[in-house]
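Structure first, then comments.
The values are calculated or read from the model by the stated rules, or taken from the named source; none is laboratory data. Given the structure is predicted, the values throughout are model-derived calculations rather than measurements. Neighbour counts are summed over all protein chains in view; Cβ atoms, including those assigned to glycine, are modelled from backbone coordinates with ideal geometry. We work out accessible area using only protein heavy atoms, side chains counted, and drop any ligands, DNA or RNA first. Shrake-Rupley method; radii C 1.70, N 1.55, O 1.52, S 1.80 Å.
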Amino acid sequence: MNEEHLAEAKSLLTAFPGKSSALIPILHLVEDEFGYIPQEEVEVVAGLMGVTAAYVEAVLSFYTLFHRQPTGKYLIQVCRGLSCHLNAADHLAHFLYEELGVQRGGTTDDGLFTVEEVECLALCKDAPVVQVNLAYRPRASEEQLKGLIEESRRGVAQHA
Ligand code: FES
């Protein structure tokens, strides 16, 4: 962790009645900084918290918001919860896999896109829901996703 995040992590440890309540916010700091949770940082966080690395890894394995490998610049998460499933979210996921040439959880060779399927994104009334980085795409469609992919590629090309 960089110095700013380390200071924030230490302050989080005293902000809650129990140290363990600070684990998730501290892991968010790490994810924000690196884009994933590197193994060395698991050790750092465990040391800060006074728990084992295995404990931190167990928590990490439960939450889809945390990643153990680097992801693409655009992390596309397709909800596979019941409402989204009933509204053809699996077709959207397969559309993305074909369009981007990746498998579930995979990242494109250019490092631009990662596609994941995740549990309920808590916007069930607007199913099917896709989340790109932290922005919701309610009532998502293949056309919208195609446009998003093209826009993202153009945006990256313009800034290259
Ligand atoms: S089931 Fe997809 S947002 Fe809840």
Task: Identity of the residue in region 136-160, among the basic types (Lys, Arg), without any contact (Cβ under 8 Å) to a residue 40 or more places away in the chain and not in a loop (DSSP other than H, G, I, E, B), that ends up surrounded by the fewest Cβ atoms within 10 Å (Cβ to Cβ) - done: 154
Task: region 11-57, subset within 23 Å of the chain's Cα centre (by Cα) and not in a helix (DSSP H, G or I), residue nearest to residue 132 (Cα to Cα) - done: 35
Task: Close pairs from region 110-122: first over 10 Å from residue 64 (Cβ atoms), partner within 11 Å of the ligand (Cβ to nearest atom) and open to solvent by 70 Å² or more (accessible area, probe 1.4 Å), Cβ under 8 Å, at least 6 apart - done: 120/82
Task: Qualifying positions in region 100-135 - hydrophobic (A, V, I, L, M, F, W, C), near the ligand (Cβ under 8 Å from one of its atoms), more than 14 Å from the chain's Cα centre (by Cα) and open to solvent by 10 Å² or more (accessible area, probe 1.4 Å) - done: 122, 123, 124, 127
Open item on the list: For the structure I just gave you, tell me whether residue 97 is without any contact (Cβ under 8 Å) to a residue 24 or more places away in the chain, farther than 16 Å from residue 35 by Cβ and either open to solvent by 60 Å² or more (accessible area, probe 1.4 Å) or part of a loop (DSSP other than H, G, I, E, B) (or both).
Closed with: no
